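The values are calculated or read from the model by the stated rules, or taken from the named source; none is laboratory data. Computed from a predicted structure; not experimentally measured. Every residue, glycine as well, gets a Cβ built from its backbone with ideal geometry; the counts of neighbours run over all protein chains shown.
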């Protein structure tokens, strides 16, 4: 299945290259920003950095500067010719010198090592970031199926999260349980941040040594990956019984999430979805908390990167199309309760949005 | 992304350790006539910045600027809302937030001296977009490669770094000791859980699922079956220091023989003589920003042989009594000609 998906992607990429007149495409990746590389080379990089070279006839070579990852790539990406190269910029440069008379491009070009992008080289790298971005955003049925499976795993993981959160436990101990749960199910990757406390908490971060206490709001984004495709769920729980202020605050987030998802349909812009969410906050006199001082984005794309394009913000003009997978999440600070998150993964369909997360949109309560 | 414990410990990494490293850095900058040093960090290349100020980005990217005559400051693409987290987990005086970290860093440096001489660690490998932004933000700055300067300063591990590596090795050993269960997935889950409970900043567990068929390690996705003999490799980070440790699940006598031959080979490092007879071998360590950079190995020779006193992680593959067996552990090279020694016994 994995190999078939990788081959399908590479065929799409090669077709897009031919249409754009690109003969050789350089795809850069590292463990943080690995989606472009994975799209073309079907390898999830963990260490060092890597460059895939894709030809318009769909052949792929992969240059890695980690010997350990290069060995792993030989096993995990058998359809790709793997090169271990301590200096990947110069190794790829030497390879590109041989095809310098063809049209070359790179994505994401801003991440390519400076040496390789230097105009002094004997070749020029056009910017093909937008070309690959379009492929990353518009997913095939096989890709959506992987996101759908990841969303199911996210739902199951949140059920485990509810069991893992107990007074006295430290944040990092809870995350340890979640990662073990995912590895036991054969899920190799996850993006996860967490927050706990009261009105003093402004957002989520990696886990700390802070102990969970009665009355805490505990927030998390869980983002497991299946075959490299991430799907996210955002939920908030209370340790003990939720108070009136927490319930009132949470109701605003439910209303905003529903408004955001209702706005999703082909032809609308990412900005329209963000505005639908933010209008709910503005209606409740909370417009200030939709600004960048309090929140980063009102959702974002999901796929081979956990936080991909388009970002759901009121100034993002990207038009939604069927096949895009997103999370809509009006996460922000509420002055009466603290930082609250609520978000569901969705697929944009011809008729609107298919919600992938099945976990109820409720303010959960766990024993204090 | 990092999702283990990122925290600052004034016991394990006292301010005096960072001060001593910065003092050495500034002295080297004076010798090299540099006004400022710039180091890039993301979660793949965090080791330069974490060595100087303890900051490890869980996500996104940043530049550390070390003025020769001022306090270091961090320019991050992360949002303002995580400023307090950054200040809590690292020893940094000022954090500036800007999505274009190169532009902001250059503007800050140029605001003090327009034509400052700026050394950049791994300048050639810097993301092209950040390099362009450095030029735009400080068109008169004189930018140069500072990788060798930085590598020379951190080549020999200091006592704090050795202690952190020893802790990371102990975490990895305990994790692999806990690798029990009815399936390979269950073993990996148990190992990872233990490491994270012990405070690991990160752990990657890779498996060679059937040593009789293939000794190469891979990341397991989905349900995986193991052969009669198999191996797990734990790559563990603890407070910015990374190690690898390998456990082969095979005949105990074979594993014992492999561990003994491995220790003998490691003792001779940086000479590769001890690895004669190994199917393959690899020595990794940190020179600049990549935590475990290949330094020497059977596939590529001695590209960057480790310096005396360096911390390394070593892996090797042997055939013992007709059985393939991998072995690996972190080690410390002798600082003054003495034999290298393993940080932990790779036996269970």
From A:192, A:178, which residue is part of a strand (DSSP E or B), in the same structural domain as residue A:339 (by TED's automatic domain parsing) and under 21 Å from residue B:190 (Cβ atoms)?
-> A:192
Of the criteria (1) part of a loop (DSSP other than H, G, I, E, B); (2) over 20 Å from the mean Cα position of the chain (by Cα); (3) surrounded by 19 or more Cβ atoms within 10 Å (Cβ to Cβ), which one residue B:69 fails | (3)
Could you list, in sequence order, the residues of the stretch A:192-205 that are crowded, with 21+ Cβ neighbours inside 10 Å and either more than 7 Å from every other protein chain (Cβ to nearest Cβ) or without any contact (Cβ under 8 Å) to a residue 24 or more places away in the chain (or both)?
-> A:193, A:194, A:195, A:196, A:204, A:205
Residue pairs qualifying under the 6 Å Cβ cut-off, at least six apart or on distinct chains, with the first in the stretch B:165-186 being in contact (Cβ under 8 Å) with a residue 40 or more places away in the chain and the second being surrounded by fewer than 16 Cβ atoms within 10 Å (Cβ to Cβ), are B:177/B:348
Determine whether the stretch B:253-273 contains at least one residue that is in contact with a helix residue (DSSP H, G or I) (Cβ under 9 Å, 6 or more places away or on another chain), within 21 Å of residue B:209 (Cα to Cα) and away from chain A (no Cβ under 14 Å).
-> no
Hey, among B:42, B:35, which residue is more than 15 Å from the chain's Cα centre (by Cα) and in the same structural domain as residue B:100 (by TED's automatic domain parsing)?
-> B:35
Pull up the stretch A:332-363, narrow it to residues that are assigned to a loop (DSSP other than H, G, I, E, B) and touching a strand residue (DSSP E or B) at 6+ places or on another chain (Cβ under 7 Å), then point me to the one that is nearest to residue A:264 (Cα to Cα).
-> A:356
Any idea which residue in the stretch B:118-130 is surrounded by the fewest Cβ atoms within 10 Å (Cβ to Cβ), counting only those that are part of a helix (DSSP H, G or I) and touching a strand residue (DSSP E or B) at 6+ places or on another chain (Cβ under 8 Å)?
-> B:124
Within the stretch A:36-75, can you find the residues that are farther than 23 Å from residue B:285 by Cβ, facing chain B (nearest Cβ under 10 Å) and out of contact with any helix residue (DSSP H, G or I) (no Cβ under 8 Å at 6 or more places or on another chain)?
-> A:75
Residues satisfying the stated conditions in the stretch A:76-119, i.e. more than 28 Å from the chain's Cα centre (by Cα), part of a loop (DSSP other than H, G, I, E, B) and more than 14 Å from chain B (Cβ to nearest Cβ) | A:98, A:99, A:100, A:101, A:102, A:103
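Residue-by-condition table, conditions (1) at pLDDT below 95; (2) out of contact with any strand residue (DSSP E or B) (no Cβ under 8 Å at 6 or more places or on another chain); (3) not in a loop (DSSP other than H, G, I, E, B):
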{"site": "A:246", "(1), (2), (3)": "no, no, yes"}
{"site": "A:253", "(1), (2), (3)": "no, no, yes"}
{"site": "A:267", "(1), (2), (3)": "no, no, no"}
{"site": "A:296", "(1), (2), (3)": "yes, yes, no"}
{"site": "A:300", "(1), (2), (3)": "no, no, yes"}
{"site": "A:305", "(1), (2), (3)": "no, no, no"}
{"site": "A:330", "(1), (2), (3)": "no, no, no"}
Considering only residues of the stretch B:299-327 that are at pLDDT 95 or above and facing chain A (nearest Cβ under 10 Å), which is surrounded by the most Cβ atoms within 10 Å (Cβ to Cβ)?
-> B:313
Could we say that residue B:38 is in a strand (DSSP E or B), within 14 Å of another protein chain (Cβ to nearest Cβ) and farther than 18 Å from residue B:237 by Cβ here?
-> yes
Does the stretch A:230-239 contain any residue that is within 14 Å of chain B (Cβ to nearest Cβ), touching a strand residue (DSSP E or B) at 6+ places or on another chain (Cβ under 7 Å) and assigned to a helix (DSSP H, G or I)?
-> no
All-but-one check, residue A:126 against (1) at pLDDT 95 or above; (2) more than 14 Å from chain B (Cβ to nearest Cβ); (3) under 25 Å from residue A:51 (Cβ atoms), failing number (2)
Sort out which residues of the stretch B:96-117 are in contact with a strand residue (DSSP E or B) (Cβ under 9 Å, 6 or more places away or on another chain) and over 23 Å from residue A:111 (Cβ atoms), and write them in order of number.
-> B:112, B:113, B:115, B:116, B:117
For the stretch B:232-241, indicate whether the set of residues that are more than 13 Å from chain A (Cβ to nearest Cβ), in contact (Cβ under 8 Å) with a residue 12 or more places away in the chain, part of a loop (DSSP other than H, G, I, E, B) and farther than 12 Å from residue B:324 by Cα is non-empty.
-> yes
Which of (1) free of Cβ contacts under 8 Å to residues at least 12 places away in the same chain; (2) within 8 Å of chain A (Cβ to nearest Cβ) is the odd one out, the single condition residue B:131 does not satisfy?
-> (1)
Can you confirm whether the stretch A:174-191 contains a residue that is farther than 20 Å from residue B:85 by Cα and more than 9 Å from every other protein chain (Cβ to nearest Cβ)?
-> no
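Quick grid of which residues meet (1) within 20 Å of the chain's Cα centre (by Cα); (2) farther than 30 Å from residue A:76 by Cβ:
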residue: A:208; (1), (2): no, yes
residue: A:212; (1), (2): no, yes
residue: A:217; (1), (2): no, yes
residue: A:239; (1), (2): no, yes
residue: A:265; (1), (2): no, yes
residue: A:270; (1), (2): yes, yes
residue: A:296; (1), (2): yes, yes
residue: A:306; (1), (2): yes, no
Could you check, for the stretch B:45-56, whether at least one of its residues is within 14 Å of chain A (Cβ to nearest Cβ) and farther than 26 Å from residue A:48 by Cα?
-> no
Every residue from the stretch A:1-58 that is on the phi > 0 side of the Ramachandran plot and touching a strand residue (DSSP E or B) at 6+ places or on another chain (Cβ under 9 Å) = A:42, A:48
Would you please name the residue that is surrounded by the fewest Cβ atoms within 10 Å (Cβ to Cβ), looking only at residues in the stretch B:202-225 that are within 9 Å of chain A (Cβ to nearest Cβ), part of a loop (DSSP other than H, G, I, E, B) and in contact (Cβ under 8 Å) with a residue 40 or more places away in the chain?
-> B:223
Pick out, from the stretch A:1-73, the strands (runs of 3 or more DSSP E) lying fully within it that include 3 or more residues that are closer than 20 Å to residue A:134 by Cα and at pLDDT 95 or above.
-> A:24-30, A:49-55
